[in-house]
Amino acid sequence: MLSITNLKELLNEFFKRHNIEGKIGEQLLVTEWDKEAPELALGAKPLYVKDGVLYLGTYSHAIAQELNLRKKELLDELRSKGYDLVDIKLQFVLPEGRSETGTEPLKVEVTREDREWAREALAHCSLPPKLREKMEAMLAAARARERAALSAGGKRCPSCGTVFFGEGKLCPICRIGSGVNG
Ligand SMILES: [Zn+2]
């Protein structure tokens, strides 16, 4: 069985290979989010920590705006829990299984090609089998969801490259950056 130390080393190696240079303690914030997140941030999904910056994913313009406005409060709370963060950035992620309107479920089908693509992407990382399985499934599902969203009328944000639904040229997150609060 893997000890915690071994697992941490493996994770560190994985993050390094993906240019996610953060301390393992920071990445733990991502895996322990449900327990560690300030209440107002529970609606967002932690993606990763890089160079002391926590990237949070959300598909909601409203949530993104709220978090953006209360960023300092969030940072203070996380720092008081021992996380050495310098900033929080928001990224657009597609809603799980549904389009932004919430009326039409996306038909997401993870194909063999998706799984092969994901396996290829992680081929050169030494990961514990369980973690590899998890990350492969995550990557394959993300790719399948993006494809489903595009064929359901989603469009690609020219600024950040994510696929989203709704009006306008930019995704809800990039819209905040281009607005008065930017
Ligand atoms: Zn964008």
GluC sites (Glu not before Pro) within segment 105-182: which are DSSP loop residues with at most 15 other Cβ atoms inside 10 Å? 109, 167
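What's the long-distance tail for segment 110-182, i.e. % of Cα pairs beyond 19 Å?
Roughly 50 percent, rounded to a whole number.
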In what order do 60, 151 fall by count of nearby beta-carbon atoms within 10 Å, going from fewest to most? 151, 60
Extended-chain gain in nm, criterion 0.36 nm per residue less alpha-carbon gap, residue 130 and residue 69: 18.2 nm
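Coordinate-derived values only; no laboratory data. The structure presented is a predicted model; accordingly, all values stated were derived computationally and were not measured. As a convention, Cβ positions derive from the backbone with ideal geometry for all residues, glycine included, and neighbour counts pool all protein chains shown.
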